[in-house]
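K.L.:
Let me give you the structure first, and then I'll get to my questions.
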Amino acid sequence: MTATVPPRHDLAQEPMRDPGETGGLHRVLGHRYLLRLMVRREIKARYIGSKFGLAWSYINPTVRFFTFYFVFGIILQRGAIPHFAIHLFAGMVIVQFFTESFNAGTRSIMANKAVASKMPVPREMFPVASMLVSLYHTGPQLVVLLIACLATGSFSPDLVGIGAALLAFAIVLLLSTGMGVMFSVINVLFRDFTRIVQTLTQMLPFTVPMMYPYTLVAERFGGIPTIYHLYLFNPLTEAVLLMQRAFWITTVSDRDVREVNEAAGVQVFDGSYGPPNFPNHLFERGFAMLGVSILFLLLAQWVFRRLDDRIPERL
Amino acid sequence: MVTSIEVDDVSKKFSRHYTRTLQQIMVAKAKRKKTRETFDALKNVSFTVEQGEAIGLMGLNGSGKSTLLKCIMGVMRPDEGTIRVRGRASGLIATGAGFHPQMTGTENIYMNAAILGMTAAETEAKFDDIAAFADVGEFLDTPVGNYSSGMFARLGFAVAVNVDCDIFIADEVLAVGDQPFKKKCMKKMEEVRDSGVTLFYVSHSAGSVRKMCERVIVLEKGEVGFDGKAGAGIRYLKYDDDEGSDSENANDI
């Protein structure tokens, strides 16, 4: 019956292929269209049914900023640090990008069970999509941050600062993709990781110099090089410092520095771009962390490849 | 003839205990019980399929049909042996996968088609066919969460049967959907088969397998029990006994 019908496609030239050869981050790039649809769906789904819709992306960070401003700028009066709310918020933007994409990435394969267990798509796609969704939501926060910077009246951004911000984002983008890729598959095999990662990311904001100034860390641990270096070896610490280099220190004017130091009666704050407000070799450290993030992503991909085959039977 | 699928000595093992806590594992270890038990989901399965063949895959529940199809699709990889396919494999295997209840029918059609491997242009070109086949009318702009279960299933089927592929896998019973829709689906699958696409059809209904396929592969506990003419395969499974009473359901899947 079918033999009389000519072949639908001329497949004779087409090579036989191994259907199982579907995974790998490089193949995710071949599925850009599906990736785009997945990201768009997640973005739309978040505020679906709410009357304000995407406005929530602006309302939430704005409220958060004013809370910081009220607590740290008015109640606590962190005199030694001018524009402390921006100091905190600049770090918060990048830390939140990381924690959101790490958390969502870890859950991503479980959340897309139906597709992951039935369709031959590269499963790295799910954590990558989670990262892109988190990146998208960082946009409105950056807008709020920029408005806050401009509101200080002394914001003077420079090219080096823009480079610092880009470097911070590159580090966190690669690192959080690696974390998502690695833990999405581990989470399928050991479901406890959803909670472990949650606990970990709740701790993270306190391990980076945003609620407290870097100068305090240098002061406390400067004499104990091991702790000091360990503290700085955290790629997130570096990303936060780079963000502060881009947005916070550029809002600090000479007058701010003078006022702070006069009020304290001693030289407690420098206000310059170099040390002591930032560690030595800020940018060298940044590029080193970028390298670490790339290596970590490669390691995550290796782990994923090794465990990927066990995903469908465990979902 | 062009070979479409080549399955060579494929085996796949599954473990029986996946969801145990650390405590349970420790207790089992202390009692010197096995902490790991496996069984063969597929065992030394081999066969070759030519392009354009229509194959009925039969067997009791748990005989390994879905595992085999997942290996052919490339969702799973066999522990041993090799599988080679030519062209794109798709079909009624993940109908409705990726459907978001709060998105409209149209949005879900694009999403689902992309998951099944179609590009934006292909979906665009087929969109009218898909919409006509689903026949949900103005509900296309309604979130699919508000669909009746029949409409939801119809939309999933409509996308799946319209995917342009070289190997069509039908691993789902039409449990939902009314009689006219079932008839429409069977007709569409016959069309797909007659267009020269390789068809893999999983069913427990002897009547519809006889109608759709000329060859039957029967799996028994993961092994190929029978591979040959459809009629003989159905007799091998002893499914022909009740075919008389089944005749009015012949259109069923």
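K.L.:
Can you say what percent of the DSSP beta bridges in the protein assembly as shown, counting only those with both residues inside, are antiparallel? Round to 5.
P.N.:
Beta bridges within the protein assembly as shown, antiparallel portion: roughly 60 percent.
K.L.:
Another question, if that's okay. How many nm is it between the label spots at A:VAL266 and A:ASP158, if each spot is 7 Å from the Cα in line with the beta carbon?
P.N.:
2.8
K.L.:
Only Cα pairs under 8 Å and at least 6 apart count here; give the relative contact order of segment A:21-171 as a rounded whole percent. Kindly include the intermediate steps, with their values, before the conclusion.
P.N.:
Values: 99 pairs, mean separation 51.6, N = 151.
Relative contact order for segment A:21-171 comes out at 34 percent.
K.L.:
Once you sort the root eigenvalues of the Cα gyration tensor of segment B:80-179 as a ≥ b ≥ c, which label holds: rounded (a/c under 1.5), prolate (a/b larger than b/c) or oblate (the other case)? Don't skip to the end; give the middle numbers.
P.N.:
Values: a/c = 2.05, a/b = 1.57, b/c = 1.31.
Since a/c reaches 1.5 and a/b is larger than b/c, the shape of segment B:80-179 is classed as prolate.
K.L.:
Let me ask something else. Looking at segment B:1-58, which GluC sites (Glu not before Pro) are DSSP coil and have at most 11 other C-beta atoms within 10 Å of their C-beta? Numbers along the way, then the final one.
P.N.:
Values: sites: B:GLU6, B:GLU37, B:GLU50, B:GLU53; in loops: B:GLU37, B:GLU53.
Here the sparse-neighbourhood loop sites are B:GLU37.
K.L.:
Roll a 1.4 Å probe over the protein heavy atoms and report the accessible area of B:ASP141 in Å², nearest 10.
P.N.:
120
K.L.:
Using the Cα centre as the reference, give the magnitude of the dipole from point charges on the C-beta atoms of segment B:181-243 (Lys, Arg: +1; Asp, Glu: -1; all else neutral), rounded to the nearest 20 debye. Provide the component values of the computation, followed by the final result.
P.N.:
Values: 13 positive and 11 negative charges, 71 e Å.
Its charge dipole is roughly 340 debye.
K.L.:
So if I average 1/r over every pair of distinct C-alpha atoms in chain B and take the inverse, what Kirkwood radius in Å does that give? Each step should come with its number before you reach the end.
P.N.:
Details: mean 1/r = 0.0508 Å⁻¹.
Evaluated on chain B, it is 19.7 Å.
K.L.:
Another one. Label segment A:194-285 by shape, choosing from rounded, prolate and oblate, from the square roots a ≥ b ≥ c of the eigenvalues of the Cα gyration tensor; if a/c is under 1.5 it is rounded, and otherwise prolate applies when a/b is larger than b/c, oblate when it is not.
P.N.:
Details: a/c = 1.98, a/b = 1.76, b/c = 1.12.
Prolate, since a/c reaches 1.5 and a/b exceeds b/c.
K.L.:
Just check segment A:9-128 against the gyration tensor rule for me: Cα atoms, a ≥ b ≥ c as the square roots of the eigenvalues, rounded for a/c under 1.5, and otherwise prolate or oblate depending on whether a/b exceeds b/c.
P.N.:
prolate
K.L.:
Next question. Express in % the proportion of alpha carbon pairs of the protein assembly as shown at distances exceeding 38 Å.
P.N.:
On the way: 70494 of 161028 pairs.
Value for the protein assembly as shown: 44 percent of Cα pairs lie more than 38 Å apart.
K.L.:
What is the dipole size for segment A:39-97, taken about its Cα centre, with +1 at each Lys and Arg Cβ and -1 at each Asp and Glu Cβ, in debye to the nearest 20?
P.N.:
Details: 7 positive and 1 negative charges, 62 e Å.
With Lys and Arg at +1 and Asp and Glu at -1, about 300 debye.
K.L.:
Next question, about the same structure. Which residue, B:THR198, B:THR95, B:THR82, has the most motion in a Gaussian network model of chain B that connects Cα atoms within less than 10 Å?
P.N.:
Comparing B:THR198, B:THR95, B:THR82 in the GNM, the peak value goes to B:THR82.
K.L.:
Taking Cα pairs under 8 Å and at least six residues apart, what relative contact order does segment B:2-92 come out at, in percent? Please list the in-between numbers first.
P.N.:
Details: 124 pairs, mean separation 41.4, N = 91.
RCO, segment B:2-92: 45 percent.
K.L.:
Right, another one. Considering only protein heavy atoms, with the full assembly of protein chains and a 1.4 angstrom probe, order A:LEU159, A:LEU25 by accessible area, largest first.
P.N.:
Values: A:LEU159 145, A:LEU25 40 Å².
So, going from the largest accessible area down, we get A:LEU159, A:LEU25.
K.L.:
Just want the answer: with Cβ charges of +1 for Lys and Arg and -1 for Asp and Glu, which residue in A:SER117, A:ILE294, A:SER272 is farthest toward the dipole's positive end in chain A?
P.N.:
The one lying farthest along the dipole's positive direction is A:SER117.
K.L.:
What is the magnitude of the charge dipole of the protein assembly as shown about its Cα centre, with +1 placed on the Cβ of each Lys and Arg, -1 on the Cβ of each Asp and Glu, and no other charges, expressed in debye to the nearest 20? Show your work: numbers first, answer last.
P.N.:
Numbers: 59 positive and 56 negative charges, 352 e Å.
I would put it at about 1700 debye.
K.L.:
Now for a different question. Of the residues B:PRO78, B:PRO143, B:PRO180, which exhibits the maximal mean-square fluctuation in a Gaussian network model of chain B defined by a 10 Å Cα contact cut-off?
P.N.:
The residue that fluctuates most here is B:PRO180.
K.L.:
Next up: Normalised by the residues of chain A, what does the relative contact order come to in percent, with Cα pairs under 8 Å and at least six apart?
P.N.:
Numbers: 376 pairs, mean separation 83.8, N = 315.
About 27 percent, as a whole number.
K.L.:
Turning to a different aspect of this structure: Give me Rg/Rg_expected for segment B:8-66, where Rg uses Cα atoms only and Rg_expected = 2.2 N^0.38 Å with N residues.
P.N.:
On the way: Rg = 17.7 Å, N = 59, 2.2 N^0.38 = 10.4 Å.
Rounded to two decimals, the normalised Rg is 1.70.
K.L.:
Let me ask you something else. Please find, in a Gaussian network model of chain A (springs between Cα atoms separated by less than 10 Å), the residue of A:GLU14, A:GLU219, A:GLU284 whose mean-square fluctuation is greatest.
P.N.:
Most flexible of the set in this elastic network: A:GLU14.
K.L.:
Report, to two decimal places, the Cα Rg of chain A normalised by 2.2 N^0.38 Å (N = number of residues).
P.N.:
Numbers: Rg = 23.4 Å, N = 315, 2.2 N^0.38 = 19.6 Å.
Against the compact-globule rule of thumb, the ratio is 1.19.
K.L.:
Same structure, new question: Tell me the carbon and sulfur percent of the accessible area for segment A:104-194, rounded to whole percent, probe radius 1.4 Å.
P.N.:
Carbon and sulfur together cover 74 percent of it.
K.L.:
How about segment B:99-119: which of its residues lose at least 20 Å² of accessible area in the presence of all protein chains relative to their chain isolated, using a 1.4 Å probe?
P.N.:
Residues of segment B:99-119 that lose at least 20 Å² of accessible area once the other chains are added: B:HIS100, B:GLN102, B:MET103, B:GLU107, B:TYR110, B:MET111, B:ALA114, B:ILE115.
K.L.:
Return one whole number: the accessible area per residue of chain B in Å², for a 1.4 Å probe. Walk me through the numbers before you get to the answer.
P.N.:
On the way: 11230 Å² over 253 residues.
Accessible area per residue: 44 Å².
K.L.:
Which of the lysines could a cross-linker span from B:LYS12 if the Cα-Cα distance has to be under 16 Å and same-chain partners fewer than 8 positions apart are dropped?
P.N.:
B:LYS43, B:LYS65, B:LYS70, B:LYS221
K.L.:
Let me ask you something else. A:LEU76 to B:ARG16: FRET efficiency via 1/(1 + (r/R0)^6), r the Cβ-Cβ distance, R0 51 Å, to the nearest 0.05?
P.N.:
Working: r = 59 Å, r/R0 = 1.15.
Efficiency, rounded to the nearest 0.05: 0.30.
K.L.:
Using only helices, what value at 222 nm comes out for chain A when you add -39,500 (n - 2.57) per DSSP H run of length 4 or more and divide by the total residues, to the nearest 500 deg cm²/dmol?
P.N.:
Values: 14 runs with 201 residues, N = 315.
Helix-only estimate at 222 nm: -20500 deg cm²/dmol.
The values are calculated or read from the model by the stated rules, or taken from the named source; none is laboratory data. Note that the structure is a prediction, hence the values are computed from the model and not measured. Heads up, the Cβs are rebuilt from the backbone with ideal geometry, glycines too, and the neighbour counts pull from every protein chain shown. For the accessible areas, the whole protein counts, side chains as well, though only heavy atoms, and no ligand, DNA or RNA atoms are used. Shrake-Rupley method; radii C 1.70, N 1.55, O 1.52, S 1.80 Å.
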